[in-house]
Each structure stands twice: as C-alpha cells, then as structure tokens.
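Below you'll find the structure, written out as structure tokens, and then a few comments.
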Amino acid sequence: MTGRKKLLNELFAKRNALSFRYDYALELTDYKEERIKYLIENEVIRESGDFLEMEDIYVQFFEEVLQINEEINVSSVQDYITHLKENIGYWMSSGSEKDKYKYSNEVRRALKRIALATEKNVIDVKRNIDRTYKNEPDYKIKKKKLENLDDKRKGISSLIDSAERVIDEENAFFTVALDNQMRSVVNDARLQMKDSYHNLIEIERQIITYLNLIEYQNKLLEKARRLRYLKDQLI
C-alpha cells in the first residue's frame, strides 16, 4: 500500500477524532510532504492548524459506499416524496405526450429512491442503536442517544405512511399511467416499504429492551454506590 493510501485509510478510520497530527501523516507517507500537499491542493484533505482532516464530501462518500455512516438522513426521503407529488402534478397538467413520459419516468425514479432511502435509513438506525448500546460508556448519554434514535425511527415510520398515502390518494394518475413498468415499480416500492415498516417494529422492541436494561443497570450501579458509601461509613 502506498503512503498516500495509508494516509487516506488512517484519516477515514479516525474521521471522528480531532487529533490526526500532521507529523503522523508525514510518517505514513514516508516523510514525502509532496504527497500530503497533493491531497490538500486537490481538496481531498484539509489542514486545521497542526492537524489534518478528510474533506466531508469524501467522508460521506466512503460511508455511503461502505454502509457505515452514523447520520440517519430522514429528510432525503421527504425530499423524494415531495418530488414524487410534484411530478404527478406535472403529469396531470401536461398536454404533451413527450412531457408526460418524462414526468412518468420521474415518478418511477422517485418511488425507487423512496424505497431505497427508507431501507437504508432503517439499516443505519439499527446499526447506530446497537453501536450506542455497546460502546457508549455514560448511562445518561446512552439513554439520551437511544431516545433520539427512537425519534428517528418514528420519523422514518411516518414517512413510509406518507409515501403510501400518496400512492393511494393519487388514483387518477396511477389508474391512467399504470403500465407494466409503473406497476412493477409501485409493487416493488410497496414491498420494500412494508419490509422496512416491519423492521422498524423490531427496532422499537430492541430500543425498549435496551432502555430497560440501562435502567436496570443504572439501579444496580446506584445500589453499589450506596453500599460502598455505607461500608466507608462503617455502617
């Protein structure tokens, strides 16, 4: 592995740390500073005092590819739903067959993106829940993070309902525009969203279990502290 690849691997692995020193980067690149300068000039990494960071766009790209991103992007699903409704409206208003075909394609694309983005968000929520429970040492912060992730879960569930409601309510469009291709896309999207919804139910159960365990562990910790206090007081 070349020095430049070693540096990028390390920068990505430590993307959440704010302590990647420039001198360590030099060591990884066999003290060839031009390799670091090349990455900086091409906006792959950036300097921050004596430290280096990978640019956010590349962090996001690699997290998406490797499916290890920590952020749950619920808003993207809402954007796709808005795009879906807009293009159904354009299709209904257009008198041009050419334009209708274009808007119909956009509707199919939006449905696919809604289903895929929803599925991905569900995977991200599940992964973040497990990671938080296993790795967060502070009980109060762990509980708060799990509660926030539960809010994300509720948001995803609400967006699934919104997407299905659009499909159900836009009868005029789907009755006329429902050719074989559109029918296949709609059916696939419904199935994917149904699977995502069932997975969200399991995730809710998992969150409840984790929160109950945290409460139980916290009570044990408080009892241990109380016993230690009594022991220290020779009671």
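The values are calculated or read from the model by the stated rules, or taken from the named source; none is laboratory data. If you're wondering where the values come from, they're calculated on a predicted model, not measured in any experiment. A quick note on method: Cβ atoms are made from the backbone with ideal geometry, for glycine too, and the neighbour counts reach across all protein chains shown. What goes into the accessible areas is simple: the full protein's heavy atoms, side chains included, and nothing from ligands, DNA or RNA. Shrake-Rupley method; radii C 1.70, N 1.55, O 1.52, S 1.80 Å.
Regarding PHE62, is this residue closer than 27 Å to LYS5 by Cβ, open to solvent by 50 Å² or more (accessible area, probe 1.4 Å) and in contact with a strand residue (DSSP E or B) (Cβ under 8 Å, 6 or more places away or on another chain)?
Taking the combined requirement at face value, the residue does not satisfy it.
Would you pick out the residues in the range 82-115 that are among the aliphatic types (A, V, I, L, M) and buried (at least 21 other Cβ atoms within 10 Å of the Cβ)?
LEU84, ILE88, VAL107, ALA110, LEU111, ILE114, ALA115
Going by the conditions given, is GLU169 of a type outside the set (A, V, I, L, M, F, W, C), at pLDDT 85 or above, at negative phi and open to solvent by less than 100 Å² (accessible area, probe 1.4 Å)?
no
Applying the selection to the range 23-39, what residues are part of a helix (DSSP H, G or I) and open to solvent by 30 Å² or more (accessible area, probe 1.4 Å)?
Within the range 23-39, ASP23, TYR24, LEU26, GLU27, GLU33, GLU34, ARG35, LYS37, TYR38 qualify.
In this structure, is LEU146 open to solvent by less than 70 Å² (accessible area, probe 1.4 Å), in contact (Cβ under 8 Å) with a residue 12 or more places away in the chain and over 25 Å from GLN217 (Cα atoms)?
No.
Scan the range 179-194 and give yes if some residue there is within 19 Å of SER76 (Cβ to Cβ), touching a residue at least 12 places away in the same chain (Cβ under 8 Å), β-branched (Val, Ile, Thr) and touching a Lys or Arg at 6+ places or on another chain (Cβ under 7 Å), otherwise no.
yes
Name the residue that is modelled with the lowest pLDDT, counting only residues in the range 4-22 that are open to solvent by 50 Å² or more (accessible area, probe 1.4 Å) and small (Gly, Ala, Ser).
SER19
Looking at LYS231, is it farther than 30 Å from ALA110 by Cβ, part of a helix (DSSP H, G or I) and out of contact with any helix residue (DSSP H, G or I) (no Cβ under 7 Å at 6 or more places or on another chain)?
Against the criterion (farther than 30 Å from ALA110 by Cβ, part of a helix (DSSP H, G or I) and out of contact with any helix residue (DSSP H, G or I) (no Cβ under 7 Å at 6 or more places or on another chain)), LYS231 qualifies.
For residues in the range 160-170 being under 14 Å from LYS85 (Cβ atoms) and not small (Gly, Ala, Ser), which is nearest to the chain's Cα centre (by Cα)?
Checked the range 160-170; the qualifying residue nearest to the chain's Cα centre (by Cα) is GLU164.
Are there any helices (runs of 4 or more DSSP H) wholly within the range 91-184 with 2 or more residues that are among the hydroxyl-bearing types (Ser, Thr, Tyr) and touching a helix residue (DSSP H, G or I) at 6+ places or on another chain (Cβ under 7 Å), and if so which?
97-135, 139-169
With respect to the numbered conditions (1) within 22 Å of the chain's Cα centre (by Cα); (2) farther than 30 Å from SER96 by Cα; (3) exposed (fewer than 14 other Cβ atoms within 10 Å of the Cβ); (4) of a type in the set (D, E, K, R), which one is the sole condition not fulfilled by ASP188?
(2)
For the range 40-79, what are the residues that are at pLDDT below 75, among the aliphatic types (A, V, I, L, M) and part of a helix (DSSP H, G or I)?
VAL65, LEU66
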